1. Please report, ordered by residue number, the helices (runs of 4 or more DSSP H) entirely within region 49-124 with at least 3 residues that are under 19 Å from Glu9 (Cβ atoms).
2. Collect the residues in region 1-24 that are closer than 14 Å to Glu72 by Cβ, in contact with a strand residue (DSSP E or B) (Cβ under 6 Å, 6 or more places away or on another chain) and in a loop (DSSP other than H, G, I, E, B), keeping them in residue-number order.
3. Would you point out the residue of region 31-45, among those that are assigned to a helix (DSSP H, G or I) and out of contact with any helix residue (DSSP H, G or I) (no Cβ under 7 Å at 6 or more places or on another chain), that is surrounded by the fewest Cβ atoms within 10 Å (Cβ to Cβ)?
4. Which residues, counting only those in region 89-124, are surrounded by 10 or more Cβ atoms within 10 Å (Cβ to Cβ) and either under 27 Å from His3 (Cβ atoms) or in contact with a strand residue (DSSP E or B) (Cβ under 8 Å, 6 or more places away or on another chain) (or both)?
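Where a number appears in this text, it was derived from the coordinates with a stated rule and is not lab data. Since the structure is predicted, the reported quantities are computational estimates derived from the model, not experimental observations. Please note: Cβ atoms are built from the backbone with ideal geometry, for glycine as well, and neighbour counts cover all protein chains shown.
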Amino acid sequence: MKHLTNREEEIMELFWEKGSLFVKEIIDKLAEPKPHYNTISTIVRGLEDKSFVGHEQFGNTYRYFAIISREEFSRNTIKNMVSKYFNKSYASVVSMFVEEQKISTEEIQELIRQVESRKNTENE
């Protein structure tokens, strides 16, 4: 999956929250100072080139919509981060969080119990 800029992510968040949008509607929802129409139009077409959004035509204008879900984007972003910065080791990620006291060993044990419970439920 291709990387997104901060502005691209901001626009994707709008699609995920609001659904289909015209470029003018995107601009209306962005904070001041409002970017130029052509700027947002170019960004949205770039998102379309990256296969994040699609469009439907209404006369001379397009209404854009997300093709990829927020969950799929999040999952792929995490996979890419783990691959790039942690040598594909999810254990290294968890270890870092424990060392920095972002998650306790008790919380990890609870997560393990939840996963095991789900596995047992699925196997029944």
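1. Qualifying helices (runs of 4 or more DSSP H): 70-85.
2. None; the set is empty.
3. Quick first cut of region 31-45, residues assigned to a helix (DSSP H, G or I) only: 37-45.
If we keep only those that are out of contact with any helix residue (DSSP H, G or I) (no Cβ under 7 Å at 6 or more places or on another chain) too, we end up with 38-39, 42, 45.
Numbers: Asn38: 9, Thr39: 13, Thr42: 13, Arg45: 15.
Across region 31-45, the extreme among qualifying residues is Asn38.
4. Result: Ser89, Tyr90, Ser92, Val93, Val94, Ser95, Met96, Phe97, Lys102, Ile103.
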